[in-house]
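Colleague: Please see the structure below; I have some questions.
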Protein chains: 2
Amino acid sequence: MSAKVSDPVSESLPIQPQAETDSSTLPGFTCGLDATLRVVSGKWKPLVLYFLAQGGPTRYGDLRRAVRDVSDKMLIQHLKELEADGLVKRTDYKEIPPRVDYSLTPLGRSLAQALVPLCTWGAENMAEVTRIFAERDAWRDKGRKA
Amino acid sequence: MSAKVSDPVSESLPIQPQAETDSSTLPGFTCGLDATLRVVSGKWKPLVLYFLAQGGPTRYGDLRRAVRDVSDKMLIQHLKELEADGLVKRTDYKEIPPRVDYSLTPLGRSLAQALVPLCTWGAENMAEVTRIFAERDAWRDKGRKA
DNA sequence: GCAAGTATGCACCTTTTGGTAAGTGCCAAG
DNA sequence: CTTGGCACTTACCAAAAGGTGCATACTTGC
């Protein structure tokens, strides 16, 4: 087969990161990256993981205050999912007043480790990123201009 | 000050990954990780970046077929954003029929590098992740049960 | 002449995501 | 006895993200 495009130059790239998906009923991850992304998808999940990786077991309230701007609903929801996914461990001391803390499981810790380079990239290119966002916002404002 | 909680054990964690946000008008990244996440947010962006990192300049059509399940709208949209953000370079050969290809800029390449650990994590823990998703879906099915 | 392919654009709509606000049970401080 | 904090829970909503499908301008193949 093959379409035999105009030039033979751009047709020889060994693409394959997601090729072998059966497209049946299985989740079908395109590649490891895809799989990972689905686990950490959620506005605050990576932050929570990274956060927990920095200290020991952290209490709900501390986490809440630490990850500024997160709402109870979201934090709880994410924590529940992370727990269900085996990334964090929840410990309820059954005390009154309630006391609960969260910590990473080995799996969660390994994921947090994998997040480090992203954190580093962001830190190293903070200037670029900031500029990028400034431009994005500027563009957006023009759109609104009520 | 201090609430002087029941136990003095869980109160001494040096949290601070996002503390220094001015909370003014600036985007205010909580940390490098946060900054990075905002740039790559988008269902297919990481995949596209990672994909482009694997080969040389890739034509739109190839990319489209490679990142299975992505729609034209999304691919184009993400590519535009990635270009605007200085992560990918778009080359229009102004030919007829149209020919365009995309490649990573140095910045984009560095980000792609930072994504490698995530890809590796996903690959190494593919089994766990698959199981996790199987459970998630099972739970969802119970919810539906029309 | 009509279908197909190229790289996009655009309108419309659904799903997902996230935010707000109020409420719960319980206890301690004022 | 009102207020406040803890760790959530729930209902309701707005916004964003993503998907579908049609359209474009032009060419090549049948």
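Each reported figure results from applying straightforward, stated rules to the coordinates on display, with no laboratory input. Keep in mind that what you see is a predicted model, and the values were worked out from it rather than measured. All Cβ positions, glycine included, derive from the backbone under ideal geometry; neighbour counts span all protein chains shown.
Colleague: What number of residues in region B:98-110 are over 22 Å from B:A66 (Cα atoms), at the interface with chain A (Cβ under 7 Å from one of its Cβ atoms) and not aliphatic (A, V, I, L, M)?
Modeller: Within region B:98-110, residues that are over 22 Å from B:A66 (Cα atoms), at the interface with chain A (Cβ under 7 Å from one of its Cβ atoms) and not aliphatic (A, V, I, L, M) number 0.
Colleague: Quick one: in region A:111-132, of everything that is among the small types (G, A, S) and more than 7 Å from chain B (Cβ to nearest Cβ), which residue is nearest to B:L118 (Cα to Cα)?
Modeller: Applying the filter and picking the extreme gives A:A112.
Colleague: May I pose another question? What are the residue pairs meeting all of these: first residue in region B:29-52, first residue in contact (Cβ under 8 Å) with a residue 60 or more places away in the chain, second residue of a type in the set (F, W, Y), Cβ atoms under 6 Å, and 6 or more apart or on different chains?
Modeller: B:T36/A:W121
Colleague: It is to be established whether one or more residues within region A:79-91 are within 12 Å of chain B (Cβ to nearest Cβ) and more than 16 Å from DNA strand C (Cβ to nearest atom).
Modeller: Yes, region A:79-91 contains at least one residue that is within 12 Å of chain B (Cβ to nearest Cβ) and more than 16 Å from DNA strand C (Cβ to nearest atom).
Colleague: Can I ask one more? Where residues in region B:39-61 are in a helix (DSSP H, G or I) and facing chain A (nearest Cβ under 7 Å), which of them is farthest from the chain's Cα centre (by Cα)?
Modeller: For region B:39-61, the residue satisfying everything is B:Q54.
Colleague: Kindly state which helices (runs of 4 or more DSSP H) lie completely within region B:66-146 and contain at least 3 residues that are surrounded by 13 or more Cβ atoms within 10 Å (Cβ to Cβ) and β-branched (V, I, T).
Modeller: B:126-144
Colleague: Filter region A:76-101 down to residues that are more than 8 Å from DNA strand D (Cβ to nearest atom) and in contact with a helix residue (DSSP H, G or I) (Cβ under 9 Å, 6 or more places away or on another chain), then give me how many there are.
Modeller: Here the count works out to 9.
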